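What follows is a short report on a single structure.
Coordinate-derived values only; no laboratory data. Everything quoted here is computed from the prediction, not taken from an experiment. Counting neighbours? That spans all protein chains shown, and the Cβs are built from the backbone with ideal geometry, glycine included.
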Amino acid sequence: MKSWTTTILPDPTRLKERMQILSALDAILCEEEWLRVHHYEQSWQPGVDLGVVKNGAGDHFYVIFMKEGVLIKGFDHESPLSPHAREDGEIWPGMYDEVPEALLTRLQNISESLEADDVTFCLWHMVNDPSWRSGEMLGLDEVDESDRDGGADFLFGYLAESSASYAEWAEDYFDLSIPLPLDVVSQIYHGNQVEKGWITALNPMREVQEVLMDLKKIGIDDSRPI
């Protein structure tokens, strides 16, 4: 088992907050849930929250938040670590071998919905452990050093590190005709609530009550009137 070194992935508490915020912003900007990139469901299962990033090109990562810790399972379809890139079609050796049993059991119990066999990277963060961890995978010298993270840093790039970077990405991805009001994006990005007026400011075509229902599922409630 080794520490996972990345400047992109925040600590579990901040990761949860950011995934909720990005999911909320996507929900405001895009009515169709299947077209959104960022997803978050509070109490997805008893004692479990689920964050998901799907880029629409076949790549994704799931983040399972549990009382024991956090487990991330990701898949980059172009990675040489993909089972589909291997002659035997098997998961890369060692991928799940060192995952703590409490976390692995949860993944195995819900493996179908989380696509557990489509995996190019896996890491975890246990309660009271200061670091993200990953398993010691075998045979990584067979692939270029730049590919050994299984596409993790590429996919973690969807966790916009600032309100400005999210706004720039969203304007392009959702093909917005006018720039987003950065002050409103920043208010949501740096806070833990969404005012009703902010919804209209970001997307005048969006039905506010429908957004509020999405936000409740995410775990964010509006805290102030229009």
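For the stretch 62-74, putting each phi into the Karplus relation 6.51 cos²θ - 1.76 cosθ + 1.60 with θ = phi - 60° gives couplings of 10, 10, 9, 9, 10, 5, 6, x, 10, 10, 10, 10, x Hz, in residue order, rounded to whole numbers and with x for Gly and Pro.
Amide H contacts for Gly69 (H built 1.01 Å from N in the peptide plane; partners 5 or more residues away or on another chain; cut-off under 5 Å): Val127.
Taking only the alpha-carbon positions of the stretch 1-128 and ignoring solvent, what does the Debye formula give for the base-10 log of I(q)/I(0) at q = 0.10, 0.15 Å⁻¹? Debye output, listed in q order: -0.32, -0.74. If one computes P(r) from the Cα atoms of the stretch 104-204, what percent of pairs lie at distances over 22 Å? Roughly 56 percent, rounded to a whole number.
A crude spin-label estimate for the pair Leu176 and Trp34, with each label 7 Å from Cα along the Cβ direction, gives 2.5 nm. Considering only alpha-carbon pairs that sit under 8 angstrom and 6 or more positions apart, the relative contact order computed for the chain is 23 percent. When each of the peptides 113-126, 196-209 is scored by the mean number of other C-beta atoms lying within 10 Å of its residues, the order from highest to lowest reads 113-126, 196-209. Adding -39500 (n - 2.57) for every DSSP H run of four residues or longer, then dividing by how many residues the chain holds, sets the calculated 222 nm ellipticity at -9000 deg cm²/dmol.
Rg/Rh for the chain (Cα atoms only, Rh after Kirkwood) is 0.99. Between Arg14 and Asn128, residue separation times 0.36 nm minus the direct Cα-Cα distance comes to 39.5 nm.
Here the gap between Lys67 and Ala85, fully extended at 0.36 nm per residue and compared with their Cα-Cα distance, gives a gain of 3.0 nm.
Along the Cα-to-Cβ line of Glu41, 7 Å from the Cα, sits a label point; which residues in the stretch 113-138 have backbone N less than 20 Å from it? Backbone N within reach: 113-119. Listed values for the stretch 174-180 are Karplus-derived 3J(HN,Hα) couplings in whole Hz (6.51 cos²θ - 1.76 cosθ + 1.60, θ = phi - 60°), namely 8, 6, 6, 7, 10, x, 6, and x replaces Gly and Pro.
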